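The values are calculated or read from the model by the stated rules, or taken from the named source; none is laboratory data. Since the model is a prediction, treat every value here as computed from it, not as a measurement. Reconstructed Cβ throughout: ideal geometry from the backbone, glycine too, with neighbour counts over all protein chains shown. Ligands, DNA and RNA are excluded from the accessible area calculation, which covers all protein heavy atoms including side chains. Shrake-Rupley method; radii C 1.70, N 1.55, O 1.52, S 1.80 Å.
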Amino acid sequence: MDDEQQQAGQTEHGPLAGFTVGVTAARRADELGALLQRRGAAVLHAPALRIVPLADDGELLAATKEIIDQSPDVVVATTAIGFRGWVEAADGWGLGEQLLERLRGVELLARGPKVKGAIRAAGLTEEWSPSSESMAEVLDRLLEEGVDGRRVAVQLHGEPLPGFVEALRAGGAEVLPVPVYRWMPPEDIGPVDRLLDAVVSRGVDALTFTSAPAAASLLSRAEERGLLAELLAALSHDVLPACVGPVTALPLQARGVDTVQPQRFRLGPLVQLLCQELPARARSLPIAGHRVEIRGHAVLVDDDLKPVPPAGMSLLRALSRRPGWVVARAELLRALPGAGRDEHAVETAMARLRTALGAPKLIQTVVKRGYRLALDPAADAKYADA
């Protein structure tokens, strides 16, 4: 099959067809899920946290009054939703105009373009914004300017900013945190537990994170359930952890988990990254004159998408680890989840697998020995040591 035909098949089904992607986002989860589904993915959504606004919170009110009463030298705005929430909360307290007037007279720094939009929508103008959307670059600018003796207000975005506040204080700044909203565990923990179970059982192919608190929350819940080691093992080997940016990845990196991140910290590029990474990780084999690509919950047979039951996928993966070699029924039985000791379960699952694939000759029965993938003769040498 030539490249043009292969591309046509992928276009028909979508590059993520046959893969399951976990979504941990609380905010914009519907948007991320729709982007993934349009590219063919099955989506398992479990918000790992919830956002709690602080409109009635004494901390935010106190910080707002302190800024109005004693002007800071610098205000750092980190998120659009947080900045808008702050201004709206101040309006609700009758302090909106006073806050905006105070912010007009300070050095106002915006972390990225979305925050710039929120600042300008409030009738203000930022003095500077980094092209990288990185808090590290904001910190570098402040330290280069010198912060000794300066008051710096930092709008927190639901999580501590690792090292940011500490570095400013070490440089001699007086730092005023502005906590606009907090991340809390979800009220219903059931979906998170189901997602965790799916990750550790390799029922998802990738797990997406759009905020550091979501990653931290999932790790915390796994620890509570005694599943942390299993979760880290899955994310280190079989399940691809994809983060929207480097700050989001920090809790995972702290646990030794490497992640993939798009160059632009946006949902669209995150999905495009998955469209490249997941198909590249799929096992592709020449079997019985067909090109067979083994994906998460489906198989492409000559670019024809074939959904396969979980038991069948377990058998197929076991066979594909040694393509062309006979795999004994006892070994295949061990690969079946919850199959017990009856080798008849292998025969039943194998019959369903062959039916799902629609090409019975892909898998050969070797009498009294087991089963093997009918690897094309030309490929034997390539996979002889697999």
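Taking segment 213-243 only, how many residues are part of a helix (DSSP H, G or I) and more than 15 Å from SER201 (Cβ to Cβ)?
Step one: filter segment 213-243 for residues part of a helix (DSSP H, G or I), giving 213-224, 228-237.
Then drop every residue that is not more than 15 Å from SER201 (Cβ to Cβ), which leaves 213-221, 223-224, 228, 236.
Adding up the residues that qualify gives 13.
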(message) Out of everything in segment 315-329 that is in contact (Cβ under 8 Å) with a residue 40 or more places away in the chain and small (Gly, Ala, Ser), what residue ends up being nearest to ARG369 (Cα to Cα)?
(response) ALA328
(request) Find the residue count for segment 335-368, including only residues that are surrounded by 14 or more Cβ atoms within 10 Å (Cβ to Cβ), over 20 Å from VAL299 (Cβ atoms) and within 36 Å of the chain's Cα centre (by Cα). (result) 2
(request) Give the residue that is nearest to the chain's Cα centre (by Cα), with candidates limited to residues of segment 302-314 that are surrounded by fewer than 18 Cβ atoms within 10 Å (Cβ to Cβ) and under 23 Å from GLY370 (Cα atoms). (result) PRO310
(message) Can you report the number of residues in segment 331-373 which are free of Cβ contacts under 8 Å to residues at least 12 places away in the same chain, of a type in the set (A, V, I, L, M) and not in a loop (DSSP other than H, G, I, E, B)?
(response) 1
(request) Search segment 201-213 for residues being under 28 Å from PRO310 (Cα atoms) and touching a residue at least 40 places away in the same chain (Cβ under 8 Å), and hand back the single one that is most open to solvent (accessible area, probe 1.4 Å). (result) SER201
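For segment 46-90, how many residues meet the condition of being over 28 Å from VAL23 (Cβ atoms) and in a loop (DSSP other than H, G, I, E, B)?
In the first step, residues of segment 46-90 are kept if they are over 28 Å from VAL23 (Cβ atoms); the result is 56-76, 87, 89-90.
Now narrow it down to the ones that are in a loop (DSSP other than H, G, I, E, B): 56-57, 70-73.
Of the residues in segment 46-90, 6 are over 28 Å from VAL23 (Cβ atoms) and in a loop (DSSP other than H, G, I, E, B).
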